[in-house]
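Chemist: Can you read through this structure? Questions will come right after.
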Amino acid sequence: MQLSVIILNYNVRYFLEQCVLSVQEAIKGIDAEIIVIDNNSSDESVLMMKEKFPDVKLIENKENFGFPKGNNIGFRQAKGKYVCILNPDTVVAEDTFIKILAFAERQNNLGIIGCKLIDGTGEFLPESKRGIPTPWVAFTKIFSLYKIFPKTKLFNQYYAQHLDENQTGKVDILVGAFMFLERKLYEDLNGFDENCFMYADDIDLSYRALQLKKNNYYFHETTVLHYKGESTIKDEKYMMHFQEAMNFFYQKHFKKSRFFSIFIKIGAFLFSIAKMFQGKPKENQLPESYFLYSENENFTKKLASILENKVQFLDFNGEKMVNSCLILKGKKAEIVLDNHYISFKKCIEIIETLKDKQVTFKIFPKKTSFIIGSNSRNDRGQIVKIE
């Protein structure tokens, strides 16, 4: 078997359904399997998987074991030469795995591959590629020096700014939302460190791959949608776990000193405070206009009734992106992308192409009865049921 896609879920039932649908499309023609591990969700995720995806391997944990242990449990069932650790609040393109498999086969001494991630508004997620968060690099992040001096190597390492977002190359650290690696390497690394509950696990795994002299890569030739805010709520518990994660990584991999410990403690506290405030979602204002990208004009009336607003139909076959930009210009609009007629890859492309602070996006996934999206990288996302 070529590939095992491992998806760890916790209480994101609708995002999980869309994710699995996109993965199923992406592994057509590949000898591959999907493994879903549920960390004791209370939102009918398990029932949904059994009813809608009976052929997908499902592991039901009886408690929330956290990200590292949950993924390790899934890995023990995997049969593929390669494994992909994938968040449930993601959407992959139909050719994502074909492209990454081809890239992986060309590499020597391969470590971990990450890809280009965008959020639900089409904005690039800079954590798609990162440097090792040494004390100095963490300092430049905490005090936003990487923003002030983005071209200066001394300050731009946290988000690996030596590489453009549209440039493939070697990086140090990749994000756990999408990590692609050989099964053997995962075994050699003993998987994720289960002493870390969350937030430093991907940094630790990436760093240990480097210690084995492996090459980690950021691969820009496929874009994956990641509804970043959906996986966790940024509250006091988040702040506590984030501090624990930072302390875990530094104590594990760097020499200890009193000055270093004090700096990291202060830095982790400030960093987690900043992320908490950054993570508070803004109040959503209702769009002024709604647009449906589809080939089914009849669905416009039903959608208008559900949204209690007028919906303008845009024929996917006849509409050009440049025309769409002109139609949307200056409007606070929401675009609904009908996946029954538009591929996941094209949905991602449209979201990235038409990204605008005034525009939000929802996808109507095929074989479902809901539209889904996220208006901010920091919020929990929105689901509208189509009865």
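The values are calculated or read from the model by the stated rules, or taken from the named source; none is laboratory data. It should be emphasised that the depicted structure is a prediction, and the values quoted were computed from it without experimental measurement. For neighbour counting, all protein chains shown are included, and Cβ atoms are generated from backbone atoms with ideal geometry for every residue, glycine included. With ligands, DNA and RNA removed, areas are computed over all heavy atoms of the protein, side chains included. Shrake-Rupley method; radii C 1.70, N 1.55, O 1.52, S 1.80 Å.
Chemist: Looking at 126, 108, 85, which one has the Cα that reaches farthest to the positive end of the dipole of the range 72-157 (charges on Cβ: Lys, Arg +1; Asp, Glu -1)?
Modeler: My answer, from the dipole projection, is 108.
Chemist: About the Cα centre of the range 287-386, how large is the charge dipole given +1 on each Lys and Arg Cβ and -1 on each Asp and Glu Cβ? Please answer in debye to the nearest 20.
Modeler: Here the range 287-386 has a charge dipole of around 240 debye.
Chemist: So for the range 1-87, Kirkwood radius off the Cα pairs, Stokes-Einstein at 20 °C and 1.002 mPa s: how many µm² s⁻¹?
Modeler: So the translational diffusion coefficient is about 168 µm²/s.
Chemist: Over the chain, what is the mean sequence separation of C-alpha contacts under 8 Å (at least six apart), divided by residue count, expressed as relative contact order in percent?
Modeler: In percent, rounded to a whole number, it is 18.
Chemist: Okay, moving on. In the range 121-157, which chymotrypsin sites (Phe, Trp or Tyr not before Pro) fall in coil by DSSP and have 15 or fewer other Cβ atoms within 10 Å?
Modeler: Answer by residue number: 143.
Chemist: Considering the dipole of the chain built from charges on the beta carbon (Lys and Arg +1, Asp and Glu -1) around the Cα centre, which of 226, 3, 248 is farthest to its positive end?
Modeler: 248
Chemist: By how many degrees, between 0 and 90 and to the nearest 10, does the Cα long axis of helix 66-75 differ from the longest principal axis of the chain?
Modeler: Approximately 80 degrees, to the nearest ten.
Chemist: Work out the count of Lys pairs in the range 130-186 where the Cα-Cα distance is under 23 Å, with the pair 8 or more places apart or on different chains.
Modeler: So the count of such lysine pairs works out to 7.
Chemist: Give me the Debye-computed log₁₀ of I(q)/I(0) at q = 0.18 Å⁻¹ for the range 25-172, equal point scatterers on Cα only, no solvent, two decimals.
Modeler: So the normalised log intensities work out to -1.21.
Chemist: Averaging sequence separations of C-alpha pairs under 8 Å and six or more residues apart, then dividing by the length of the range 175-219, give the relative contact order as a whole percent.
Modeler: 34 percent
Chemist: Kindly report the accessible area of the chain per residue (heavy atoms of protein chains, probe 1.4 Å, no ligands, DNA or RNA), in Å².
Modeler: 46 Å²
Chemist: Please express the shape of the chain as an equivalent ellipsoid: the semi-axes are the square roots of 5 times the eigenvalues of the C-alpha gyration tensor, given largest first in whole angstrom.
Modeler: Computed over the chain, the values are 34, 25, 20 Å.
Chemist: Mind checking which lysines have their Cα closer than 21 Å to the Cα of residue 302? Skip sequence neighbours fewer than 8 apart in that chain.
Modeler: 310, 362, 366, 367, 385
Chemist: Treat every Asp and Glu Cβ in the chain as -1 and every Lys and Arg Cβ as +1, leave all other atoms uncharged, and give the resulting dipole magnitude about the Cα centre to the nearest 20 debye.
Modeler: Computed charge dipole of the chain: roughly 1260 debye.
Chemist: Out of 75, 34, 58, whose Cα points farthest toward the positive end of the dipole of the range 25-81 (charges: +1 Lys, Arg; -1 Asp, Glu; placed on Cβ)?
Modeler: About the Cα centre, the residue reaching furthest to the positive side is 75.
Chemist: Rounded to the nearest angstrom and ordered from largest down, what semi-axes does the equivalent ellipsoid of the range 69-127 get from its C-alpha gyration tensor (root of 5λ)?
Modeler: 21, 18, 11
Chemist: Moving on. Rounded to the nearest 10 degrees, what's the angle between the helix 236-253 long axis and the longest principal axis of the chain, both from Cα atoms, 0 to 90?
Modeler: Once rounded, the angle reads 40 degrees.
Chemist: With all protein chains present, calculate the accessible area of residue 1 using a 1.4 Å probe and round the result to the nearest 10 Å².
Modeler: 80 Å²
Chemist: Taking a cut-off of 15 Å between Cα atoms, list the aspartates and glutamates near residue 62, but don't count ones fewer than 8 places away on the same chain.
Modeler: Straight-distance partners of residue 62: 38, 43, 44.
Chemist: While we're here: Once the Cα atoms of helix 344-353 and of the chain are each reduced to a long axis, what angle between those two axes, in degrees from 0 to 90 to the nearest 10, is obtained?
Modeler: Roughly 80 degrees, rounded to the nearest 10.
Chemist: I need the Debye-formula profile for the range 336-387: one equal scatterer per C-alpha, no solvent, reported as log10 I(q)/I(0) at q = 0.14 1/Å, two decimals.
Modeler: Normalising to I(0) and taking log10 leaves -0.35.
Chemist: Hey, which of these cross-link pairs are over 31 Å Cα-Cα: 81/345; 301/332; 213/355?
Modeler: 213/355
Chemist: What does the charge dipole of the range 88-193 about its Cα centre add up to, to the nearest 20 debye, if the Cβ of each Lys and Arg holds +1 and the Cβ of each Asp and Glu holds -1?
Modeler: That gives a dipole near 500 debye.
Chemist: Quick check: at a probe of 1.4 Å, how many percent of the accessible area of the chain sits on carbon and sulfur atoms?
Modeler: With neighbouring chains kept in place, the figure for the chain is 50 percent.
Chemist: Using just the helices of the chain, give the 222 nm mean residue ellipticity in deg cm²/dmol: DSSP H runs with n ≥ 4 each add -39,500 (n - 2.57), and the total is spread over all residues, rounded to 500.
Modeler: One gets -10500 deg cm²/dmol as the mean residue ellipticity at 222 nm.
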